[in-house]
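Nothing in this text is a laboratory measurement; each read-out follows from the coordinates by a stated rule. The structure presented is a predicted model; accordingly, all values stated were derived computationally and were not measured. FYI the Cβ positions are ideal-geometry reconstructions off the backbone, even for glycines, and counts take in every protein chain you see.
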Amino acid sequence: MTAPFRFPRFFVTTPSPCPYLPGKTERKVFTELSGPNAIELNDALGRIGFRRSQSVAYRPSCPNCTACTSVRVVCDEFHANATQRKLMRRNADLVVTACKPWTTTEQFELLQRYLNQRHPDGGMVGMDEVDFADMVEQTPVHTSIIEYREPRSDGLPGKLVGACLTDQQADGLSMVYSFYDPEHTERTGLGTFIILDHIMRARNAGLPYVYLGYWVPGAKRMEYKTNYQPLETLTPNGWVLYGADDERGPAPAHVANPERRDAMAVFADLIP
């Protein structure tokens, strides 16, 4: 009898300098997402701290360091603070569209402006259009690129001011990578708004979590992830509430509503 599911093979990368903590060494364990069970495998690995990049799922496996911590927002219990509510009102007029994972020149140009302004020394700054297309289009799972555009009165697409490559998992939305106009003088806080928008739409779809990737205590560029409470962090004892003592045990499980809508369908003007 042929087994219905083949256990994945895992590999380890060559150690390299850590991009977040000076003097540390980075190493990843990874596996390929392929075949008829790629979606289920990605969902299962996502719940134990893996992230997706193209057709690969990976997580840190660094020698002598466990600083990278997977984090996810508990959507049903999230309450925006005063600053976040102000940002939501300020940007409520943006037209939000869930697009198929196909890239455009407009998206790439926005990504370039974002990287050059916010991460000029990062590893992605040298990406060309082919690299960007690979990042977005090579996906074996349910993926959309969410566009945030300014409204226009003539019905034509407005200026693209933000975008997020987003996976829908069985228990939430995984924000693979977001970018936005870093020099927009009238729409500060676009990065925060994109996260808030994902939280609200996941909640409306009956999905319990928004996965924000890895948080690294002490890394300034990661500090923003703790602004979304309640936040759960993945520990050896399972998922626990941020700030809670690990000895309290894992956080209570949140189960996706079986009657939930397709999460991507709660984004306005879904492209078929």
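Brief remarks on what is shown
- Rounded to the nearest 20 debye, dipole of the range 69-266 from Cβ charges on Lys, Arg, Asp, Glu: 640
- Taking the fewest neighbouring Cβ atoms within 10 Å as the starting point, the ordered list for Tyr224, Tyr214 is Tyr224, Tyr214.
- Per-residue extension of 0.36 nm, minus the Cα-Cα distance of Glu77 and Met124, leaves a gain of 13.5 nm for this segment.
- For the chain, calculated [θ]222 nm from helices alone, where every DSSP H run of n ≥ 4 adds -39500 (n - 2.57): -6500 deg cm²/dmol
- Computed over every Cα-Cα pair of the chain and binned at 5 Å starting from 0, the pair-distance distribution P(r) comes out as 1, 5, 11, 16, 19, 19, 14, 8, 4, 1, 1, 0, 0 percent.
- The range 11-60 has equivalent-ellipsoid semi-axes of 25, 11, 7 Å, by the square roots of 5 times the alpha carbon gyration tensor eigenvalues, sorted largest first.
- Rounded to the nearest 10 degrees, the angle from helix 105-118 to the longest Cα principal axis of the chain is 70 degrees.
- The order of Trp239, Trp102, going from fewest to most other C-beta atoms within 10 Å of their C-beta, is Trp102, Trp239.
- Per-peptide packing, taken as the mean over residues of other Cβ atoms within 10 Å, places 138-144, 178-184 in the sequence 138-144, 178-184 from highest down.
- Label zone (Cys65, point 7 Å along Cα-to-C-beta; backbone nitrogen cut-off 18 Å) within the range 5-36: 12-30.
- Degrees between helix 190-204 axis and first principal axis of the chain (Cα, 0 to 90, nearest 10): 70
- Using a Förster distance of 30 Å, the FRET efficiency for Val12-Glu40 (Cβ separation, nearest 0.05): 0.80
- By the Cβ distance rule (another cysteine Cβ under 4.7 Å), the unpaired cysteines of the chain are Cys18, Cys68, Cys75, Cys99, Cys164.
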